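Inspection log for the structure reproduced underneath, given as structure tokens.
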Amino acid sequence: MAEYTVVHDAAQFVRNRDEGLDAVPDAAVVVEDGTVVAAGPSVEVVQEYPPENAAVAINADGKTVLPGFVDPHTHAVFAGDRADEFTAKLQGKTYQEIASEGGGILRTVRAVQETPRKALVRNLLSHLDRMLAHGTTTAEVKSGYGLTVESETKLLEAIREADKRHPIDLVPTFMGAHAVPEGWDTDDYVDHVIEEQLPAVADRGLAEFCDIFCETGIFTVEQSRRVLTAGREYGLTPKIHAEEFERIGGAELAAELGASSADHLLQATPEDAQDLARADVVPVLLPGTAFALDAEYADPEQFAAAGTTVAIATDFNPNCFSQSMEFTVDLACHGMRMDPASALRAATAGAASAVDRPDGPGRLREGDPGDLVIADVPDYEHMPYNFGVSTVETVLKSGEVVHD
Ligand code: NIG
Ligand code: FE
């Protein structure tokens, strides 16, 4: 028999089925050649896959085994940080005021433009280590702090290199339309993104998705349509930052274009939720951002009522400085009032759908990747219940222990 990893005697094993989250008590799971080959009651599974014959055997007595988290929205590759802006916000400044004084996204852009690719890779790897320690095994990462051909491709190359060197699987997104660089007219910059940046990114196969910040004062719906349509012509699937500060029609555009996801949605309405559901666009809710901005949370109920899959993500970036999907799950429950099963589904199977991997990670059915988390809690409900601490103890990627 081939070598296998068995995690046995877990208090609870959690997986995603099409119908919803499924929890099996006193369970074991077996991973062989990177994929799940058996899962179910421990007594039965260990008969076929005895721990003593396994390459790796982990006794998960008293613990919960669940799919590794998929983080479907991060801006994890950048230089420096903006801790001082955090303090300024607490002293009363708004995100927009800080930006208009030379801070915010454009400050990080200046830092990135001066930072060599190697240092960006180092930064990204250190952030990925924290993400992994909190249970993330797949993460989307956006460019968008470059805003020139050279710096946008530098960021995407850093993502590619970090992907090769780190156990977390990375999903690269091109977001040249994240902000308008200093001294540029917005329409001219949109032309530059479409005519110069996109072809350079696509030629080198550096991205899978194309994203844009569709927001009052940043990019309009019409400019977003142009960028995302051009991206699609180059083979990049659209994503959109929509209805964050103001509702201007980004969700409707996402539905029109059949985007893989529409993200933020703090100001979205039930009609937007219906549009997204009809077009099979996954709403990605980012409770950490609302928390960091002291804004009102998105309303997960309206998306659930529309019958759509919901995802949650960290939105890890210099303005929302948390790499932790555990914390995101905590906030989804305590802030957005999702129940633990819905929040954990949104952080796993829902999140995988948001990055167009509906049949891959985040599920743990037989045949799925053996990416799993062992948490030191008796059942999944205890993860958000025991908020503000890490309950993730061990992380396995393709059946291999990558964090302990
Ligand atoms: O998703 N909304 C735009 N982009 C980021 C913020 C980036 C930053 O402030 O550096 C977001 O929240
Ligand atoms: Fe974002």
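The numbers here are math on the coordinates, done by the rules we state, and not lab data. Please read these numbers as outputs of a predicted model, since none were measured by experiment. As a convention, Cβ positions derive from the backbone with ideal geometry for all residues, glycine included, and neighbour counts pool all protein chains shown.
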Tell me, in nm to one decimal, what length is gained between ARG110 and SER126 on full extension, where the rule is 0.36 nm per residue of separation less the Cα-Cα distance?
3.7 nm
A convex hull over the alpha carbons of region 283-404 yields, per residue, a volume in Å³ of 113
Loop chymotrypsin sites (Phe, Trp or Tyr not before Pro), region 162-227, which have at most 15 other Cβ atoms in a 10 Å radius of their Cβ (DSSP):
TRP184
Expected sort for MET336, MET383 with the fewest Cβ neighbours (10 Å cutoff) up front is MET336, MET383
Local net charge near PHE245, Cβ-Cβ under 12 Å (Lys/Arg +1, Asp/Glu -1):
-4
Could you tell me how far the Cα centroid of region 142-213 sits from the Cα centroid of region 42-61, in Å?
45
At GLU222 and GLU366, where each label point lies 7 Å from the Cα along Cα→Cβ, what is the point-to-point distance in nanometres?
5.7
Summing -39500 (n - 2.57) over the DSSP H runs of n ≥ 4 in the chain and dividing by its residue number, what mean residue ellipticity at 222 nm do you reach, to the nearest 500 deg cm²/dmol?
-10000 deg cm²/dmol
Most exposed first by the Cβ proxy, i.e. fewest other Cβ within 10 Å, how do VAL190, VAL149, VAL31 rank?
VAL149, VAL190, VAL31
Ranked HIS127, HIS241, HIS334, criterion: other C-beta atoms within 10 Å, fewest first
HIS334, HIS127, HIS241
Only Cα pairs under 8 Å and at least 6 apart count here; give the relative contact order of the chain as a rounded whole percent.
20
So ARG17 and ASP61, fully extended at 0.36 nm per residue minus their Cα-Cα distance, gain in nm 13.5 nm
Once phi is turned into ³J(HN,Hα) by the Karplus curve 6.51 cos²θ - 1.76 cosθ + 1.60 with θ = phi - 60°, what whole-Hz value does each residue of region 395-402 show in order, with x for glycine and proline?
10, 10, 10, 6, x, 9, 6, 10
Which links in LYS93/LYS239; LYS118/LYS397; LYS89/LYS118; LYS142/LYS239; LYS118/LYS142 stretch past 20 Å when you go from one Cα to the other?
LYS93/LYS239; LYS118/LYS397; LYS89/LYS118
With r defined as the distance between the Cβ atoms of ALA119 and PHE321 and R0 fixed at 22 Å, what FRET efficiency is calculated, to the nearest 0.05?
0.75
With Cα springs under 10 Å, the Gaussian network model of the chain assigns the largest mean-square fluctuation among ILE212, ILE159, ILE248 to ILE248
A chain fully extended from GLU246 to THR148 at 0.36 nm per residue, minus the present Cα-Cα distance, gains in nm 32.6 nm
Kirkwood Rh over alpha-carbon pairs of the chain, then Stokes-Einstein at 25 °C and 0.890 mPa s: what D in µm² s⁻¹, rounded to an integer?
115
Please give the FRET efficiency for ASP280 paired with ASP404, using the beta carbon to beta carbon distance and R0 = 41 Å, rounded to the nearest 0.05.
0.60
Region 76-204, Cα convex hull volume normalised per residue, Å³:
109
Can you compute the charge dipole magnitude of region 69-354 about its Cα centre, using +1 on each Lys and Arg Cβ and -1 on each Asp and Glu Cβ, nothing else charged? Give it in debye, rounded to the nearest 20.
980
In Å, descending, principal axis extents of the Cα set of region 186-339
44, 32, 28
